[in-house]
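The values are calculated or read from the model by the stated rules, or taken from the named source; none is laboratory data. Keep in mind that what you see is a predicted model, and the values were worked out from it rather than measured. FYI the Cβ positions are ideal-geometry reconstructions off the backbone, even for glycines, and counts take in every protein chain you see.
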Amino acid sequence: MADSSFDIVSKIDQMELDNAFNQCDREIATRYDFKNTGVKVEKTGVKVLIEADTEERVKAALDVFKDKLVKRSVSLKHLESSEPQLSGKTYRINCEFKEGITTENAKKIAKFLKKNGPKSLKTQIQGDELRVSSKSRDDLQSAIAQVKQETWEFAVQFTNYR
């Protein structure tokens, strides 16, 4: 019987990210405490720029954006936001989204699975993802459960279960 496998990845669903951004933009445009305060949210590619007249407003707009991300099931572990910076008369926060598992993080997961997982597991780093394979599907199921229980500093998803 051939080996079964799955991939551990760290990816963002771009549609959900766009939906969260659009909901945030709509809420900021209609909420009474943001009206006529100069709060702007702009998205270019995988970067989001939040601008406001005061530091408190820009932080509140970031909180609204984070809330929308959580509601759309986009992990906040993907989000890297800077501290509010004064630029002229406005405060700015730059938000970037990181995807993919670095080689170092893939090695951490592989080491964790070697130590705690079933002995039949084989791991292989493939670019920005980690492939886990075994002859037993039950071993793969327990590996998924163990990786989910552990807390990582990056988001993990499981794909290509075969």
Residues (surrounded by 14 or more Cβ atoms within 10 Å (Cβ to Cβ), out of contact with any Cys (no Cβ under 8 Å at 6 or more places or on another chain) and over 14 Å from E56 (Cα atoms)) located in the range 78-93 = H78
Being loosely packed, with under 13 Cβ neighbours inside 10 Å, of a type in the set (D, E) and touching a helix residue (DSSP H, G or I) at 6+ places or on another chain (Cβ under 9 Å) narrows it down to one of D33, D18, so name that one.
-> D33
Within the range 88-103, can you find the residues that are closer than 25 Å to E55 by Cβ, touching a residue at least 12 places away in the same chain (Cβ under 8 Å) and of a type outside the set (D, E, K, R)?
-> T90, Y91, I93, N94, C95, F97
Do we have any residue at all in the range 53-73 that's of a type in the set (G, A, S), modelled with pLDDT of 90 or more, within 30 Å of Y161 (Cβ to Cβ) and buried (at least 16 other Cβ atoms within 10 Å of the Cβ)?
-> no
So, in the range 138-160, of the ones that are touching a residue at least 60 places away in the same chain (Cβ under 8 Å) and loosely packed, with under 13 Cβ neighbours inside 10 Å, which residue ends up nearest to T103 (Cα to Cα)?
-> E153
Of E80, E99, E104, E51, the only residue that is touching a helix residue (DSSP H, G or I) at 6+ places or on another chain (Cβ under 9 Å) and under 30 Å from F158 (Cα atoms) is E99
Pick from the range 109-132, criterion assigned to a helix (DSSP H, G or I) and in contact with a Leu (Cβ under 6 Å, 6 or more places away or on another chain), ranking: farthest from Q157 (Cα to Cα) | L113
Just one of (1) loosely packed, with under 12 Cβ neighbours inside 10 Å; (2) outside any helix (DSSP H, G or I); (3) of a type in the set (D, E, K, R) trips up E104, so point out which.
-> (2)
Looking at K114, is it charged (D, E, K, R), over 21 Å from V74 (Cα atoms), out of contact with any helix residue (DSSP H, G or I) (no Cβ under 8 Å at 6 or more places or on another chain) and touching a residue at least 60 places away in the same chain (Cβ under 8 Å)?
-> no
